[in-house]
Amino acid sequence: MYGYIIGKVTKITPKYIIQENNGIGYIIIVPNPYNFKLNEDYKIYTYQYVREDQNDLYGFLAEDEKEMFLKLISVSGIGPKSALSILAAGSVSEIVKAIEARNDAYLRKFPGIGQKASQQIILDLRGKLSFTDDFVSSGNSSTLDDVEEALMALGYGKKELSKVLSKLDATKEVGDLIKDALKLLAK
């Protein structure tokens, strides 16, 4: 599995780009290939999607786009093509706002997303998205944000965590903060 690939974009098509890295040209399916320029270097966050009859590499300019893609394809009935169409037309913050506000009309405007699919996205993801408007795509985030992300990965919801995070001492290391938070959550 690849986390990201840094290299030069050597070809742009309507469905994918080819990014060259150390003499290897990777075919990367991206939400909007025309966001890239030929012969320019990019750091593309990637996800390898493997199924019985499919082995594709998907790429994103920002880490939060990749994370949103992964959340979307985790929803029953939403595949990579539908997730890409959502990301191609909407920003991560707009998508999160629509899901949190239960705005299924916003989600239905994307190709391949009908009423049933939009309601399933809201049902599965509402309250579980940790992206915020101040998400920094380079990966820099505050200590408490790291703690919150780790605890959400363990299955805790935002509502539970909001009560606990305010009680933590932000000067401690992330590992210690997670332990403290787990103790508070166990009460």
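The values are calculated or read from the model by the stated rules, or taken from the named source; none is laboratory data. Keep in mind it's a predicted model, so treat the numbers as computed, not measured. Note: ideal-geometry Cβ built from the backbone for every residue, glycine included; neighbour counts use all protein chains shown. Heavy atoms of the whole protein, side chains included, go into the accessibility calculation; ligands, DNA and RNA do not. Shrake-Rupley method; radii C 1.70, N 1.55, O 1.52, S 1.80 Å.
Observations on the structure shown:
- Over the chain - Rg/Rh using Cα atoms and the Kirkwood inverse-distance radius: 1.01
- Mean-square fluctuations from a GNM of the chain, with a 10 angstrom spring cutoff on Cα atoms, peak among I24, I12, I121 at I24.
- Violating pairs (Cα-Cα greater than 23 angstrom) within the set K43/K159; K11/K43; K97/K183; K167/K187; K43/K71: K43/K159; K97/K183
- Averaging Cα coordinates gives a centre for the stretch 109-123 and one for the stretch 14-67; these two points are 25 Å apart.
- Highest mean packing comes first when the peptides 162-173, 50-61, 65-76 are listed by Cβ atoms within 10 Å, giving 65-76, 50-61, 162-173.
- Length-normalised contact order for the stretch 67-115 - Cα pairs under 8 Å, 6+ apart - percent: 32 percent
- Ranked by the mean number of other Cβ atoms within 10 Å of their residues, highest first, the peptides 147-155, 77-85 come out as 77-85, 147-155.
- Potential lengthening of the chain between S166 and D146 amounts to 5.8 nm, from the contour at 0.36 nm per residue minus the alpha-carbon distance.
- Rounded tilt (10° steps) of 115-125 against the dominant C-alpha axis of the chain: 50 degrees
- Percent accessible area from carbon and sulfur atoms, the chain, protein chains only, probe 1.4 Å: 48 percent
- Annotation: per residue accessible area for the stretch 1-123 equals 55 Å², rounded to a whole number [probe 1.4 Å, protein chains only].
- Annotation for T10 and E100: the two label points, set 7 Å from Cα along the Cα-Cβ direction, are 4.3 nm apart.
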